[in-house]
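The values are calculated or read from the model by the stated rules, or taken from the named source; none is laboratory data. The structure presented is a predicted model; accordingly, all values stated were derived computationally and were not measured. Don't worry about glycine lacking a Cβ; one is built from the backbone with ideal geometry, like all the others, and counts go over all protein chains shown.
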Amino acid sequence: MGWVPVISNPFRYFNSSPEIVRLAVMMCVKYPLSLRNVEDLLSERGIAISHKTVRVWWNRFGPIFAAEIRKKRVAHMRVYPQWRWRLHEVFVKINGKLCYLWRAVDHEGEVLETVVTAKRDKAAALKFLKRIIKKYGSPKTIVTDGLCSYPAAMKEVGISGRQELADGSTIGQRIPISDFDDGRERCSGFAA
């Protein structure tokens, strides 16, 4: 028989209760507070903890709590139907090689998934769609930048939603990635 790891309590070597650790870390996560502000808020509640201890907790338990929050959000999103996804791809250079970064953003502006591929074709779009559908379920509507690979991939995956172009956009234009973004903002490299 092989060695089987035992999942242990991550709080076992800490003298404080898990509730206090969670409170301190979540204060750092939820509110833009410094470690000293968290120390002051905890001391007002009768908990004597140093800001250095809060930093250690943040480094140790922050990723664990973030994974829990992410897992709950994904479970919540799978239960309720998605409104709209915005899919787009951009050109990036990685080690001097031209690649494509595919990104999906939900109706709330949260980035769902990113994938880097070497090609910008139906196979890459299909890989991208399969990955996000497996994780989040199907959307009602998909908004794209007009790349022809999306409808072919959507047909193969069997998405019942329809593809629509971003309002007023044509192929090659940047699509808005949130409801606050109107898609008009451009990056200008040269002054006219």
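Some points to look at:
- For ALA48, the conditions (1) more than 25 Å from the chain's Cα centre (by Cα); (2) loosely packed, with under 11 Cβ neighbours inside 10 Å; (3) modelled with pLDDT under 85; (4) among the hydrophobic types (A, V, I, L, M, F, W, C) are fulfilled apart from (3).
- One residue from ARG55, ARG84, ARG36, ARG73 being at pLDDT below 85 and in a helix (DSSP H, G or I): ARG73
- Residue within region 107-119 that is free of Cβ contacts under 8 Å to residues at least 12 places away in the same chain and either closer than 30 Å to SER16 by Cβ or among the hydroxyl-bearing types (Ser, Thr, Tyr) (or both) present: no
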